[in-house]
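Student: Dropping a structure here in C-alpha cells format, bear with me for questions.
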Amino acid sequence: MARNPERRTALVDAAIEVLAHEGARGLTFRAVDSGAGVPLGTASNYFTNRDDLFMQAGARINHRMAPDATEVEQVMLPAPSRELVTSLMHWLVQRMADDRVGYLAMLELRLEATRRPALRKRLTETVRAEFDQSGAFHSEAGLPGDADTFLVLHLAMTGLLLEHLTLPDMLSDTALDRLVDIVVTALVPPHEPDGP
C-alpha cells in the first residue's frame, strides 16, 4: 500500500466529491483518480477495494465536519442558556452548509450502508459515538434540557439539515435562521439558574 498521506487525503476528498455528485454507484477507483487529477491506477494503490474506500470516505467526512476545539471554546464563552443552544445550532447548520458536499456524501454513505453490513456497522459505531459525545458535552456544559431534550433536538436538526441541503427550495418561504430558532424554542426549556 502506498504511504503518501497528502495524496491519500486528496484521493479520499475526491471520493467524497464523487459520492456527493454521482452517488455510491459512481464511486469507482477510476472516478476517484480522475477527480483527484492523478494517473489512473493510483487509487488502487491506496485502497484495497471499494469497501475500504467507503470506510475511508466516512472517516474523512467525520474529520471534516468536526468543529475545531478553539472555535468550540469561543462559542462556549457565554453562560449556559437556551440562547447559547440556539447559537450552537446556528453554528452547526452553518458548518454543515459550508461543507454541503461532505454532508451529501455522508447521506450517500448512509444509503449504501443499508446494503453493506460492514459499512453499516462502522457508520453506526461512529455516529453513535459522536451522538454520545455530543450528549455528554450538552450535559457537562450545563446546557438546558435533559437527555430526551437532546435526543429530540438532534433528530430535529438532522431533519432540518436534510431538508435544507437536499431540497433547499422546500423551505424557501421560511428563513433557515428562523427555523433554527423555532426548533430550539420549541424543544429546549429556558435555563433555570441554580438557587442562591
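Student: To test your reading of the geometry: what angle, between 0 and 90 degrees and rounded to tens, separates the Cα axis of helix 50-65 from the longest principal axis of the chain?
Tutor: Long axis of 50-65 versus the principal axis of the chain: about 30 degrees.
Student: Related question: Counting heavy atoms of the protein chains only and a 1.4 Å probe, report the per residue accessible area for the chain as a whole number of Å².
Tutor: Values: 11390 Å² over 196 residues.
Here the residues of the chain average 58 Å² of exposed surface.
Student: May I ask for the angle, rounded to the nearest 10°, between helix 147-166 and the longest principal axis of the chain, with both axes built from Cα atoms and the value confined to 0 to 90°?
Tutor: 50
Student: Sticking with the crude label model, points 7 Å out along Cα→Cβ, report the distance from D146 to H21 in nm, one decimal please.
Tutor: Using points 7 Å along Cα→Cβ, the separation is 4.9 nm.
Student: Also, I was wondering about something else. Tell me, what is the FRET efficiency for E83 and L111 to the nearest 0.05, using R0 = 25 angstrom and their Cβ-Cβ distance as r?
Tutor: With a Förster radius of 25 Å, E is 0.10.
Student: Using 7 Å Cα-to-Cβ label points, what is the N45/I182 separation (nm, one decimal)?
Tutor: 5.3
Student: Another question, then. Percent of alpha carbon pairs in the chain separated by more than 22 Å? Intermediate values should be presented prior to the final figure.
Tutor: On the way: 10359 of 19110 pairs.
Taking all Cα-Cα pairs of the chain, the fraction more than 22 Å apart is 54 percent.
Student: A further question on this structure: Using the beta-carbon distance between Q74 and E125 and R0 = 25 Å, what value does 1/(1 + (r/R0)^6) give for FRET efficiency, to the nearest 0.05?
Tutor: In this case the efficiency is close to 0.25.
Student: Oh, and also: How much length, in nm to one decimal, is gained on full extension between A97 and A59, taken as 0.36 nm per residue of separation minus their Cα-Cα distance?
Tutor: 11.8 nm
Student: Filter the GluC sites (Glu not before Pro) in segment 83-167 to those in DSSP coil with at most 14 other Cβ atoms within 10 Å of their Cβ, and list the result.
Tutor: none
Student: How far apart, in nm, are the 7 Å Cα→Cβ label points at T158 and A118?
Tutor: According to this spin-label approximation, the distance is 2.5 nm.
Student: Angle between the Cα long axis of helix 5-22 and the longest principal axis of the chain, 0 to 90 degrees, nearest 10?
Tutor: Result, in degrees: 80.
Student: Report the gain in length on full extension from S134 to T9: 0.36 nm times residue separation, minus Cα-Cα distance, nm rounded to one decimal.
Tutor: 42.4 nm
The values are calculated or read from the model by the stated rules, or taken from the named source; none is laboratory data. In this text the structure is predicted, and so the values were computed from the model without any measurement. As a convention, Cβ positions derive from the backbone with ideal geometry for all residues, glycine included, and neighbour counts pool all protein chains shown. Only protein heavy atoms, including side chains, enter the accessible area calculation; ligands, DNA and RNA are left aside. Shrake-Rupley method; radii C 1.70, N 1.55, O 1.52, S 1.80 Å.
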